[in-house]
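The next block holds one structure in the form of structure tokens; read it before the comments.
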Amino acid sequence: MAAADLPPTERLVVIGISQRTASLALREQLFAEEADQSLILDDLQAVGLREALVISTCERLDIVASQSVGDRMTGAEAECTTESALRKVMARRIGGDDRILDEEGYFHRGRAALRHVFAVTSSLDSQMIGEPQILGQVKSSHRQAIEQDMGGPLIESVMQAAFATAKRVRSETPVAQQPVSLIASALQTARDLHGDLARCAGLLVGLGEMGELLAVEFRAAGLANLTVLHSSDRRAEIASHRFGCHTRPWGQLDLALAAADIVITAEGGGRYSLEPAMIAAALRQRRKKPIFVVDASTPGDVAPEVGEMDGVYVYDLDDLEKLALAGKVSRETATMAAWKIVGEELLRFERRWAERAAGPAVADLRRHFEVVRDQVLSEGKLDAEGATRLLINRLLHEPSKVLRENAADEGPERPDEERLSSAARRLFGLAQGVRDDVDEADESADSVGEAAGSGESLARSDESLKE
């Protein structure tokens with residue numbers, strides 16, 4: 001089977017890395033701003049892909065594509081070629097060696113790829129389940145793919161289905177409330193400790209998605225002074241423009257800590273960004289004025305000993321969730337409901353494409369019926385009974401012939417007679433009880449059409465019926 005003929009759920013492929021699979025170092029190497037995403041799409045076109053989009057966030061880089069490389073190849077060959085093309089494009093961003101993708105990346109195809117796209121768009125694969133930013137980022141990626149003529153029918157159908165799934169998840173489950181409640185807990189705790197946020201200085205260390213979301217909400221709640229630090233000065237500068245705030249070089253983390261009343265850490269690199277020694281030094285400079293720390297990373301950025309120090313109040317995401325969930329639905333319950341919706345939408349998508357696949361056959365059948373109808377109408381003046389009897393005989397001739405030939409075939413590769421008969425009854429909505437009547441009608445139709453090798457012989461048989 002050629003790649004173009006594969007069902008859509010088998011043609012869809014995803015290659016990527018995320019916070020769940022890859023180290024911070026690899027995520028930093030693969031991180032793509034909007035301009036970089038455009039270049040990646042250009043690279044994908046250059047290697048022969050016709051449908052693709054790039055989802056790039058602080059937590060992931062995913063390339064979603066259709067197996068359109070080598071449409072005349074078999075499905076297995078196209079799979080191999082498409083995967084090679086995607087790996088080549090990803091490897092180009094990390095120096096050309098794609099072996100690290102085997103250890104820290106993933107490659108999904110078919111139904112698994114479709115499920116992955118639905119989950120990412122619905123924020124079920126994010127560090128903080130339900131965070132709202134990812135949907136906007138995926139929509140932006142979708143628009144960019146369209147602008148660069150990389151949308152295509154499969155990608156378009158998949159993304160529209162993914163957006164519909166995300167809408168259901170947000171409207172029918174409490175998943176979207178989780179980050180809102182968590183952020184509200186963080187804001188209230190900060191106010192309890194420091195009072196008016198307009199008089200506070202904030203510091204964002206790292207640019208994980210939950211950290212960015214917290215920074216946006218703190219700014220909206222009145223935090224007037226915010227500084228961003230990141231190991232990449234370029235990314236820190238870009239983020240500072242987004243937040244409308246200041247930035248400092250990574251080497252000045254100790255000075256930034258001393259000036260900060262509220263610290264949000266969002267590196268997630270598997271190492272501690274905030275150690276007891278640097279916090280102790282910051283507290284000395286602050287003359288024991290307290291620091292409120294939100295550790296928005298998994299694994300955490302703050303050494304456990306920091307939480308035991310006087311003058312430092314450390315809350316991780318679990319701590320904030322416990323404050324937020326008093327009397328409310330748990331994250332696990334909400335997530336289970338969301339995944340159920342994803343499963344339902346997967347089945348809906350597959351059914352819809354299966355129905356579309358039957359469209360050409362239905363159209364051919366309708367055209368055939370119209371041709372036969374026109375032939376009957378053109379063969380002289382008949383009353384309603386004669387015309388309809390003639391039409392029925394002609395339409396039933398070929399199906400009746402195939403069913404009887406199948407029943408008479410005694411070869412070793414004989415098709416399943418009952419299966420064909422059952423399919424015929426299902427196609428025409430026939431009840432089992434009318435089978436005998438149908439058999440009698442088949443005999444009449446066969447007597448008309450058995451020798452019909454041409455239009456003339458069929459017409460002669462029709463004439464004999466009228467007599």
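The values are calculated or read from the model by the stated rules, or taken from the named source; none is laboratory data. As the structure is a computational prediction, the values presented were derived from the model and not from experiment. Reconstructed Cβ throughout: ideal geometry from the backbone, glycine too, with neighbour counts over all protein chains shown.
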Checklist entry - Within the bounds of segment 98-109, is there any residue that is over 30 Å from LEU213 (Cβ atoms) and at pLDDT below 85? => result yes
Checklist entry - What number of residues within segment 228-242 satisfy the criterion of being surrounded by fewer than 21 Cβ atoms within 10 Å (Cβ to Cβ) and either assigned by TED's automatic domain parsing to the domain that holds LEU26 or under 16 Å from ALA259 (Cβ atoms) (or both)? => result 1
Checklist entry - Does GLY151 qualify as being modelled with pLDDT under 95 and within 30 Å of GLU355 (Cβ to Cβ)? => result yes
Next on the checklist: So for segment 41-54 (the condition being at pLDDT below 85 and either assigned by TED's automatic domain parsing to the domain that holds ALA236 or in a helix (DSSP H, G or I) (or both)), does at least one residue qualify?
Outcome noted: no
Checklist entry - Pairs under 8 Å by beta carbon, first residue over 19 Å from ILE134 (Cβ atoms) in segment 172-201, partner charged (D, E, K, R) and not in a helix (DSSP H, G or I), six or more apart or different chains? => result HIS194/ASP261; CYS200/ASP261; ALA201/ASP261
Checklist entry - Restricting segment 212-234 to residues that are farther than 16 Å from PHE31 by Cβ and in a helix (DSSP H, G or I), which is nearest to the chain's Cα centre (by Cα)? => result LEU213
Checklist outcome for this item: Those residues of segment 98-119 which are surrounded by fewer than 18 Cβ atoms within 10 Å (Cβ to Cβ), among the basic types (Lys, Arg) and out of contact with any Asp or Glu (no Cβ under 9 Å at 6 or more places or on another chain) amount to ARG99
Checklist entry - So is MET73 in contact with a Pro (Cβ under 6 Å, 6 or more places away or on another chain), in the same structural domain as ASP149 (by TED's automatic domain parsing) and either at pLDDT below 80 or aliphatic (A, V, I, L, M) (or both) or not? => result no
Checklist outcome for this item: Filtering segment 295-316 down to residues that are of a type in the set (Gly, Ala, Ser), under 21 Å from MET128 (Cβ atoms) and part of a loop (DSSP other than H, G, I, E, B) yields ALA296, SER297, GLY300
Checklist entry - So is ILE129 among the aliphatic types (A, V, I, L, M) and not in a helix (DSSP H, G or I) or not? => result yes
Item to check | Index of the failed condition, ASP254 passing every other in (1) closer than 18 Å to TYR315 by Cβ; (2) over 39 Å from the mean Cα position of the chain (by Cα); (3) of a type in the set (Asp, Glu) | outcome: (1)
Checklist entry - Which of the residues spanning segment 122-150 are surrounded by fewer than 20 Cβ atoms within 10 Å (Cβ to Cβ), over 16 Å from SER18 (Cβ atoms) and not hydroxyl-bearing (Ser, Thr, Tyr)? => result PRO132, GLY136, LYS139, ARG143, GLN144, ILE146, GLU147, GLN148, ASP149
Checklist entry - Just wondering, is there one or more residues in segment 170-188 that are in contact with a strand residue (DSSP E or B) (Cβ under 7 Å, 6 or more places away or on another chain) and within 30 Å of GLY222 (Cβ to Cβ)? => result yes
